[in-house]
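Step one of this worksheet: look at the structure below.
The values are calculated or read from the model by the stated rules, or taken from the named source; none is laboratory data. The model shown is predicted, which means the values in this text are computed figures rather than measured ones. Because the Cβ atoms are built from the backbone with ideal geometry, glycine has one as well, and the counts that use them run over all protein chains shown. When the accessible area is computed, the model is the full protein with side chains, heavy atoms only, and any ligands, DNA or RNA have been set aside. Shrake-Rupley method; radii C 1.70, N 1.55, O 1.52, S 1.80 Å.
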Amino acid sequence: MAILLLEDGTVESNLVEISRELSPLGVYLKHYDPGTSVFLPDLISQEILTNQEKDYILEIHDSLFEFLKQEGNYLWSDLLTLHPGLSQLQMLIDTYNRYHVHTAPEALYILAGEMIFGFVRPDGTQVQLLLRSQDYIHIPARVEHWSSPSASLHCKAVRYFTTADGWVPQYTGTSAVSDH
């Protein structure tokens, strides 16, 4: 389940309270346990997957989560697989760990591992959200945020797309609270 760190150091783990804190941004957060770990235990635990294995994971996931694609008007999805041995890991971290916005919504479902998101709220305060396995997040277009894998550097997530270039980051130049 997700954990939210507020700027004053308060930690919140209640999903209702986290959703309330993120509501001014229009961020939607939900925890879904469809049992994908039962269907895919070996594949979800593997660091490196073949394209065929990735396609199989997406096929199972899409069959369980068709409602998400319909609700979000997502046209397609892909599988993000991060692990310490990934050759482009540092490039991906460098790309997304600075505050940015997207022209389209950013949505993902964490299958395994963890991701951290930082957000700038309308009042200028910043919060950090740790997403874990079975957490789903939908970030509307133009919401200022950053993201990074947690210290474990492990994450498997299904990313949802509405446009081909909607996930390209547009950097805002905002500094994270921890950078001050």
Completion exercise
Hits in the stretch 109-124: amide N under 20 Å from the 7 Å Cα→Cβ extension of GLU47, namely 111-116
Completion exercise
Out of ALA107, ALA164, ALA141, a Gaussian network model of the chain with alpha-carbon springs under 10 Å gives the largest mean-square fluctuation to ALA164
Exercise for the section: Per residue of the stretch 101-106, in order, report the coupling 6.51 cos²θ - 1.76 cosθ + 1.60 (Karplus, θ = phi - 60°) as ³J(HN,Hα) in whole Hz, putting x for Gly and Pro. Expected result: 10, 10, 7, 10, x, 10
Practice task
Report the convex hull volume per residue for the chain, counting only C-alpha atoms, in Å³.
Solution key: 118 Å³
Fill in the blank from the handout: For ASP55 the rounded accessible area (nearest 10 Å², probe 1.4 Å, non-protein molecules ignored) is 100 Å²
Exercise for the section: Could you pull the accessible area for PHE161 with a 1.4 Å probe, rounded to 10 Å²? Expected result: 20 Å²
Practice task
Determine how large the accessible area of ILE44 is when every protein chain is in place; take a 1.4 Å probe and give Å² rounded to the nearest 10.
Solution key: 20 Å²
Problem - By accessible area with a 1.4 Å probe, ligands and nucleic acids excluded, highest first: order of TYR56, TYR109 - result: TYR56, TYR109
Completion exercise
Rounded to whole Å², per residue accessible area for the stretch 3-169 with a 1.4 Å probe reads 47 Å²
Practice task
Whenever you get a sec, compute what percent of the accessible area on the chain sits on carbon and sulfur atoms (1.4 Å probe).
Solution key: 53 percent
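Extension gain SER87-LEU153, at 0.36 nm per residue separation less the Cα-Cα distance, in nm?
Computed gain between SER87 and LEU153 is 22.5 nm.
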Exercise for the section: Mind checking the full-extension length gain between LYS69 and ASP165? Use 0.36 nm per residue of separation minus the Cα-Cα distance, one decimal, nm. Expected result: 32.8 nm
